[in-house]
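In what follows, a structure is listed as structure tokens, so that the remarks can point back to it.
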Amino acid sequence: GRNFAAGMSGGVAYVWDVDGNFLQNCNLGLVDLEKLDQPQDIAQVKSLLERHQAYTGSAVAARMLSDWEKFRGQFVKVMPVDYKRVLNERKEKAAAAVAAQ
């Protein structure tokens, strides 16, 4: 849609931006767009595609998985700014607790 992420305050969305025009269709008021470059994100999206393909027999998902490195670069991570801040604060607290032991 043309107003994707309007009001998005939590969670994460992974969008296949096949045409490279997602930026113009996304409401950037509350979110940041990130490349799919973190190992945990890459594994998550690939796993979701694998499950989708297994359950539905999707030819598109099969094609994506057969050339994963190419298609991986076409995904965008949509991350709410406040949600990211909360996650980072939790990581910092956990790291401080481990360091204090």
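Out of the residues in segment 1-53 that are out of contact with any helix residue (DSSP H, G or I) (no Cβ under 7 Å at 6 or more places or on another chain) and of a type in the set (Asp, Glu), state the one that is farthest from LEU65 (Cα to Cα).
GLU34
Can you name every residue in segment 48-101 that is at pLDDT 95 or above, open to solvent by 40 Å² or more (accessible area, probe 1.4 Å) and hydroxyl-bearing (Ser, Thr, Tyr)?
Those that are at pLDDT 95 or above, open to solvent by 40 Å² or more (accessible area, probe 1.4 Å) and hydroxyl-bearing (Ser, Thr, Tyr): TYR55, THR56, SER66.
Taking the condition in contact with a Phe, Trp or Tyr (Cβ under 9 Å, 6 or more places away or on another chain) and among the charged types (D, E, K, R), does ASP37 pass?
no
Is it the case that segment 31-39 has a residue that's touching a residue at least 40 places away in the same chain (Cβ under 8 Å), open to solvent by less than 60 Å² (accessible area, probe 1.4 Å), more than 16 Å from GLY11 (Cα to Cα) and not acidic (Asp, Glu)?
So far as segment 31-39 goes, no, none of its residues is touching a residue at least 40 places away in the same chain (Cβ under 8 Å), open to solvent by less than 60 Å² (accessible area, probe 1.4 Å), more than 16 Å from GLY11 (Cα to Cα) and not acidic (Asp, Glu).
Just to be sure before I move on: is VAL45 modelled with pLDDT of 90 or more and open to solvent by 60 Å² or more (accessible area, probe 1.4 Å) in the structure I sent?
no
Could you please tell me which pairs satisfy a Cβ distance under 6 Å, a separation of 6+ or placement on different chains, a first residue in segment 13-28 that is in contact (Cβ under 8 Å) with a residue 12 or more places away in the chain, and a second residue that is open to solvent by 50 Å² or more (accessible area, probe 1.4 Å) and outside any helix (DSSP H, G or I)?
Filtered contacts from segment 13-28: ASN25/ARG2; ASN25/PHE4; CYS26/PHE4; ASN27/ASN3; ASN27/ALA6.
Within segment 11-19, identify whether any single residue is loosely packed, with under 12 Cβ neighbours inside 10 Å, modelled with pLDDT under 95 and not basic (Lys, Arg), and answer yes or no.
There is at least one residue in segment 11-19 that is loosely packed, with under 12 Cβ neighbours inside 10 Å, modelled with pLDDT under 95 and not basic (Lys, Arg).
The values are calculated or read from the model by the stated rules, or taken from the named source; none is laboratory data. It should be emphasised that the depicted structure is a prediction, and the values quoted were computed from it without experimental measurement. FYI the Cβ positions are ideal-geometry reconstructions off the backbone, even for glycines, and counts take in every protein chain you see. Just so you know, the surface numbers come from the protein's heavy atoms only, side chains and all, with ligands and any DNA or RNA stripped out. Shrake-Rupley method; radii C 1.70, N 1.55, O 1.52, S 1.80 Å.
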